[in-house]
Every structure is written in C-alpha cells, then in structure tokens.
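What follows draws every value from the coordinates through simple rules; no lab data is involved. Since this is a predicted model, take the numbers as computed values, not measurements. Ideal geometry is used to build each Cβ from the backbone, glycine not excepted, and the neighbour counts take in all protein chains shown.
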Amino acid sequence: MKVSRGAKLAALGILLVIIDQIIKVIVKTNMSLGEVIPVFGNWFRLCFVENEGMAFGMKFGGAVGKYILTTFRICLTVALIWWVNRLDKKGNAPMGVLVGLTLITAGAAGNIIDCLFYGLIWGEAPFMLGRVVDMFSATFFPPVFNFADACVTCGAFYLIIFQWKFFSSLDK
C-alpha cells in the first residue's frame, strides 16, 4: 500500500509535536525553573526558563496581548495547515517545500500547546495564558529556545536557502 505525501507530512508534523512536548514535559518535571545543566561545557546547556511572550521573551500588551498573540498563532497555524494541504493536493510543490512548511507548522503548534494548556495543567495560568517552556542555550546564540523554535527556524532557513525558486515562481 502506497502512503500519500499528505499522510507522510501529517505523520512528520505529529511526530515533531510529540518530540517537542516530551522534551518540555521532561524539563518541566525534572528541572527547577532557572536550573542550568551543562551538556558540552558552557558551549551548550540545558537551561529551564519559561517564556511568557513571543520570540526571545518579548511581551505584547499584558494578558490581552497574550490572548491576541495566541489567537494569531492559532489562526496562522490553521492557515499553514490549509496551505500545505492545498499545495500537496495541487501536486506542483516539491516535497522539500512541503517538509519545510511542515517543520514551521509543527513548531508553531508545539508552542501553541504550551500557551493553551500548560498553565492549566500545572495550575499556573488560565487557558491561553500559559508560558512556553524553553531549555536549549548556546554561547553562540544567547536566547534560550526549545525544539519547536528549532523546527520553525530550520524550516524557515531551509525554505529560504533551498526552496526560494518555488516561491519566486508563485508570482508568475
């Protein structure tokens, strides 16, 4: 039985979200907030922090801003899922484009799960106001980040570097 590209992409996205959530639960349940564990000396560390805002800890308008940001993230993720599905069904997008977009979508979904549910699960915040669990820290990149952030970043760089021809052809 042949597995469709769409099924492969869905499986990849789900797998990435599961990996992200497993890492976050392990960190949240086994490390103290602010705890640092050297992995490769000070070059790469596990550093448990919680991010209330968006990229690099930036905040936006208190609780109302967090609701707006979370709603925007959900809408953007739904739009990405729709777009990947549409590109797959049209059949004109290379698999690399679909994989790159799936990485971005999975990363966004992983961080949305934190915002929606982590505050409720650990009794720290209401629905949609949870903090994102971050844990990876490197000397060459000061912000602490998580697996979902890495998925978004890798997916975006991959698309920019290797798939720009596809996106430039959309204008024609």
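Details
- Once C-alpha pairs closer than 8 Å and six or more residues apart are averaged by separation and normalised to the residue number of the chain, the relative contact order reads 29 percent.
- Global geometry of the stretch 80-159, whether rounded, prolate or oblate, following the gyration tensor of its Cα atoms and the 1.5 cut on a/c: oblate
- Crossing angle, helix 95-113 versus the chain [Cα axis fit, 0-90 degrees, rounded to tens]: 30
- Cα shape, the stretch 1-76, gyration tensor, a/c 1.5 rule: oblate
- Each of LYS8, LYS165 was scored by other Cβ atoms within 10 Å of its Cβ. Listed from fewest to most, they are LYS165, LYS8.
- Nonlocal Lys pairs with alpha-carbon distance under 28 Å, the chain (8 or more apart, or different chains): 14
- Counted by Cβ distance under 14 Å from LEU12, the other residues give a net charge of 0, where Lys and Arg count +1 and Asp and Glu count -1.
- In a simple Cβ point-charge model (Lys, Arg +1; Asp, Glu -1; nothing else charged), the chain has a dipole of about 740 debye relative to its Cα centre.
- Taking Cα atoms only, the orientation of helix 62-90 departs from the longest principal axis of the chain by about 30 degrees.
- From helices alone, the chain scores -19000 deg cm²/dmol at 222 nm; the rule is -39500 (n - 2.57) for each run of n ≥ 4 DSSP H residues, then divide by the residue total.
- Normalised alpha carbon radius of gyration of the chain [divisor 2.2 N^0.38 Å]: 1.11
- Computed from Cα atoms, the angle from the helix 147-162 axis to the main principal axis of the chain rounds to 30 degrees.
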